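No value in this document is a laboratory result; all are computed from the given coordinates. Computed from a prediction, not measured in an experiment: that's the story for all the values here. A quick note on method: Cβ atoms are made from the backbone with ideal geometry, for glycine too, and the neighbour counts reach across all protein chains shown.
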Amino acid sequence: MTTLLALDTATEACSVALLHDGKVTSHYEVIPRMHAQKLLPMIKQLLADSGVALTALDAIAFGRGPGAFTGVRIAIGVVQGLAFALERPVLPVSNLAALAQGALREHGVQQVAAAIDARMDEVYWGCYQAVAGEMRLLGNEAVLPPERVALPEGCSGDWYGAGTGWGYGERLAVKACATNVGALPHAQDVLSLASFAWARGEAIAAEQAQPVYLRDNVATPKAR
């Protein structure tokens, strides 16, 4: 039986989730700027409550962005630290995909336009469609002004809007049948998407874990 841990700190929310013996448990808190202090104790508590040792993990999943630069780096730092120590692979999951997966889980919607407020008058944007319970990306994820967002070519039907990017309201070039502006990514949905990826053999080595910011002008460490 697969045992997976998932964590996410890419937005104001900090969350962890565990799949063990076919059962999912999770913890979720909206704690801006507290992720670095809270994440490891949250993981420890979740594992203790479930009676699962760190060594029992098969892999660790994480929200790889887009999102707050500091938050994404915290997630990758913790995941790499744990994965290197345990000699386990990792599963990167898009935070926009996690938003879409959350909308599927909570509302059963099959087409989701996920948008996270990227500040600087832009949104992180991605459109997803449900395939056998998994939200899959149509087209590409992007960061762009609200006026330039678009649905993938040839798509029709109703689209549900999820995420803080929908707070731009009328400025968004896409109209949704309904929206949840307060939606933030949840580790439970990172875990769900990671489970599909794990089953397909898509886990990667810890050193390959990379943040996805979607912005080109983010300061990146110089190559060694």
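Calculated mean residue ellipticity at 222 nm for the chain: -9000 deg cm²/dmol, from DSSP H runs with n ≥ 4 weighted as -39500 (n - 2.57), summed, divided by the residue count and rounded to 500.
Tell me, in nm to one decimal, what length is gained between Lys38 and Ala85 on full extension, where the rule is 0.36 nm per residue of separation less the Cα-Cα distance?
14.9 nm
Using a Cα-Cα cut-off of under 14 Å, which aspartates and glutamates could be cross-linked to Lys175, ignoring same-chain neighbours fewer than 8 residues away? Straight-distance partners of Lys175: Glu147, Asp158. In the stretch 60-217, Cα pairs under 8 Å separated by at least six residues give a relative contact order of 29 percent. Once the Cα-Cα distance is subtracted from the 0.36 nm per residue extended length, the Glu106 to Glu153 segment shows a gain of 14.3 nm. Here the relative contact order of the stretch 95-180, from alpha carbon pairs under 8 Å that lie six or more residues apart, stands at 29 percent.
Each of the GluC sites (Glu not before Pro) that DSSP puts in a loop and that has at most 14 other Cβ atoms within 10 Å breaks the chain; the longest unbroken stretch is 1-86. If the segment from Val131 to Thr55 were pulled out straight at 0.36 nm per residue, it would be longer than the present Cα-Cα gap by 24.1 nm. Placing a pseudo-label 7 Å from each Cα along the Cα-to-Cβ vector at Glu29 and Ala48 gives an inter-label distance of 1.3 nm.
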